[in-house]
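Student: A single structure is presented below for examination.
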Amino acid sequence: MPFVAKVPPRRPPQGRLQRLRKLAGAGARVGADVVSQAVKRWRGGDEDAPISLRTAEKLAATLGDLKGAAMKLGQFAAMDAESFPPEVRAVLARLQNEAPPMPWEDVADVIQDELGAPPEALFAELDHEPMAAASLGQVHRGRLADGREVAVKVQYPGIGPALEADLDNMGSVAKALHAAFGRMAGYFSEIRRELLAELDYAREARLCEEFREAARALPDLCVPATVPERTARRVLTLELVPGETVKAFLGAGMERASNEERYRVSRLVLRAVLGPFLAGGMVHADPHPGNYLLMPDGRLGVVDFGSIKRLPERFTGACRKLLALGLSGEPFDVVPVARELGFEWGDLPEDQARELMNEVLEIGGKPLRPGPFDYATSTMVGDLRALKTTRFRQLLKFRPPPDGLLFFRAVAGCVMNLRAIGARGEFRKVFEELAALAPSEVD
């Protein structure tokens with residue numbers, strides 16, 4: 001089905017101040033709406049959402065026009081089942097692959113500039129309407145002369161300066177936080193480096209192949225092969241993965257889905273996030289449901305490889321060890337494992353650090369315990385948020401390793417997906433299967 005733009009296509013604004021004004025305007029609307037909704041609740045109204053559907057529509061439209069890092073924040077917010085009701089999340093979820101597209105003329109120009117020939121000379125077919133449009137580029141369905149069906153991702157013209165403008169704006173906030181809390185500079189540098197690297201589609205093609213190799217031990221996952229002769233810095237061509245996105249499944253599809261089907265999908269999502277990491281040290285750090293496809297043959301297709309991260313062996317080995325210890329059910333000292341992961345806690349006494357980490361493991365480790373676990377009714381996310389309130393001063397002392405930020409983002413996104421799917425089942429078995437993927441020398 002062809003992609004239908006909600007608004008006339010246009011290029012994203014590039015200037016730092018121009019983007020900041022648009023984002024500040026959206027923020028002001030959201031802030032005013034939050035107050036309005038709170039007043040309605042205080043007066044005994046039925047409103048229970050932090051923002052109204054109308055404000056969500058305006059916010060999605062603004063972030064969709066801005067694209068870049070601003071839109072990525074909206075993509076992640078759409079996954080949060082705890083903070084927004086389904087109808088608001090459905091609006092924000094458009095940002096996962098339904099941004100306002102660029103016109104075909106711009107698509108053709110980018111392909112000509114990058115690959116040295118017009119689209120009609122390079123592809124037997126290439127749809128003019130995109131099948132998906134996201135934060136940095138849009139994807140068109142095509143076919144090569146040899147008959148292979150492909151997905152061609154083309155970068156938005158001017159998105160590089162737009163992304164840098166967003167990051168410069170974020171950098172000002174990061175400097176203020178660094179002055180208040182310290183260590184923020186290292187985290188922001190990691191985020192900036194990774195986001196700017198996503199502009200290089202030739203790099204993304206290499207990461208796709210590396211991720212494909214890491215996922216080889218998981219036959220129920222499908223990672224598409226790259227087409228190097230149709231790939232450059234701003235154009236990426238991959239073999240087409242057929243299927244319905246998990247995002248679509250979370251919409252109308254999930255109303256018809258049995259718990260058995262929800263559990264199957266949940267297991268596949270868990271394997272996609274943690275499997276390649278435990279087997280090969282690589283994590284897909286952009287796990288929003290638009291990046292997963294439920295294929296007709298029962299496999300889960302994985303797409304969009306700009307946020308693939310190879311983690312240091314020290315970090316990967318410590319995560320494997322932590323999972324094995326959690327599954328063992330035996331008491332263990334979390335402090336040495338946390339140090340292997342690269343966590344620091346400054347002048348916080350070790351016994352207090354241990355107590356806090358044990359509380360986190362007690363909450364986060366519930367799916368590892370014997371017996372059925374129900375993600376639909378789980379309070380795990382809410383309990384972790386409550387812990388941030390009761391242990392705020394101690395948590396400020398903790399410093400996770402900067403090179404682990406994308407892994408933590410992937411895990412958080414995975415939990416949000418599982419909460420939204422809401423399956424009940426023996427999830428411990430899934431984690432046992434995942435633990436078995438670790439190389440034997442780590443046992």
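Student: Points 7 angstrom from Cα along the Cβ direction at residue 332 and residue 314: gap in nanometres?
Tutor: Result for the modelled spin labels: 1.9 nm.
Student: So for the pair residue 128, residue 225, with labels modelled 7 Å out along Cα→Cβ, what separation do we get in nm?
Tutor: Calculated label separation equals 3.2 nm.
Student: Tell me whether segment 193-324 comes out rounded, prolate or oblate; compute the Cα gyration tensor, take square roots of the eigenvalues as a ≥ b ≥ c, and use a/c under 1.5 as the rounded threshold.
Tutor: The shape class here is oblate.
Student: Here's another thing I want to ask about it. For residue 360 and residue 213, what is the calculated FRET efficiency with R₀ set at 22 Å and r taken between the beta-carbons, to the nearest 0.05?
Tutor: About 0.10, to the nearest 0.05.
Student: A further question follows. Put +1 on the Cβ of every Lys and Arg and -1 on every Asp and Glu Cβ in segment 295-443; which of 431, 356, 408 then has its Cα farthest towards the positive end of the dipole?
Tutor: So the residue we want is 408.
Student: Taking only C-alpha pairs under 8 Å that are 6+ residues apart, what is the relative contact order of segment 323-443 in percent?
Tutor: Here the relative contact order equals 38 percent.
Student: Now for a separate question. Quick check on packing: order 401-407, 119-125 by the mean number of other C-beta atoms within 10 Å, highest mean leading. Kindly include the intermediate steps, with their values, before the conclusion.
Tutor: On the way: 401-407: 19.6, 119-125: 15.7.
Highest to lowest by the protection proxy: 401-407, 119-125.
Student: Under unit Cβ charges (Lys, Arg +1; Asp, Glu -1), what dipole magnitude, rounded to 20 debye, does segment 206-328 have relative to its Cα centre? Mind showing how you got there, number by number?
Tutor: Details: 18 positive and 14 negative charges, 86 e Å.
Around 420 debye, computed over segment 206-328.
Student: Please list, in chain and number order, the residues 5+ apart from residue 233 or on another chain whose amide H is under 5 Å from its amide H, with Hs placed from the backbone.
Tutor: When sequence neighbours closer than 5 places are left aside, the close amide H contacts are 202.
Student: Once you order the gyration tensor axes a ≥ b ≥ c over the Cα atoms, which shape class does segment 297-443 get: rounded for a/c under 1.5, otherwise prolate or oblate by comparing a/b with b/c?
Tutor: rounded
Student: Let me ask something additional. Dipole size in debye (nearest 20) for segment 322-443 around its Cα centre, Lys and Arg Cβ +1, Asp and Glu Cβ -1?
Tutor: 680
Student: Work out the FRET efficiency for residue 260 and residue 347 from their Cβ-Cβ distance, taking R0 = 60 Å, and round it to the nearest 0.05.
Tutor: So, using R0 = 60 Å, E works out to roughly 0.75.
Student: Quick check: the distance between the Cα centres of segment 213-278 and segment 290-350, to the nearest angstrom?
Tutor: 19
Student: From the protein chains alone at 1.4 Å, what is the descending order of accessible area for 379, 316, largest first?
Tutor: Reading off the accessible areas and sorting them downward yields 379, 316.
Student: Once R0 is set to 41 Å, what does the formula 1/(1 + (r/R0)^6) return for the Cβ-Cβ distance between residue 104 and residue 408, expressed as a FRET efficiency to the nearest 0.05? Don't skip to the answer; put the middle values down first.
Tutor: On the way: r = 39 Å, r/R0 = 0.95.
With a Förster radius of 41 Å, E is 0.55.
Student: From the phi of every residue in segment 411-428, what ³J(HN,Hα) in whole Hz does the Karplus formula 6.51 cos²θ - 1.76 cosθ + 1.60 yield, where θ is phi - 60° and glycine or proline is x?
Tutor: 5, 4, x, 4, 4, 4, 4, 5, 5, 5, 5, x, 8, 10, x, 7, 6, 4
Student: Once fully extended, how much extra length lies between residue 149 and residue 376, figured as 0.36 nm per residue of separation less the alpha-carbon to alpha-carbon distance? Present the calculation step by step, with values, prior to reporting the outcome.
Tutor: Working: separation 227, 0.36 × 227 = 81.72 nm, distance 3.73 nm.
Length difference between fully extended and current span is 78.0 nm.
Student: OK, next. Beyond 27 Å between alpha-carbons counts as too far, so tell me which of 247/388; 247/321; 247/397; 153/321; 321/366; 321/388 fall in that bin. Numbers along the way, then the final one.
Tutor: Details: 247/388 29 Å; 247/321 32 Å; 247/397 37 Å; 153/321 38 Å; 321/366 17 Å; 321/388 25 Å.
In this structure, 247/388; 247/321; 247/397; 153/321 exceed 27 Å between Cα atoms.
Student: Full-extension gain between residue 202 and residue 339, please, as 0.36 nm times their residue separation minus the C-alpha to C-alpha distance.
Tutor: 45.8 nm is the gain from fully extending residue 202 to residue 339.
Student: For 429, 397, what's the largest-to-smallest order of accessible area, 1.4 Å probe?
Tutor: So the residues, ranked largest to smallest area, are 429, 397.
The values are calculated or read from the model by the stated rules, or taken from the named source; none is laboratory data. The structure displayed is predicted, hence computed values, not measured ones. Please note: Cβ atoms are built from the backbone with ideal geometry, for glycine as well, and neighbour counts cover all protein chains shown. We work out accessible area using only protein heavy atoms, side chains counted, and drop any ligands, DNA or RNA first. Shrake-Rupley method; radii C 1.70, N 1.55, O 1.52, S 1.80 Å.
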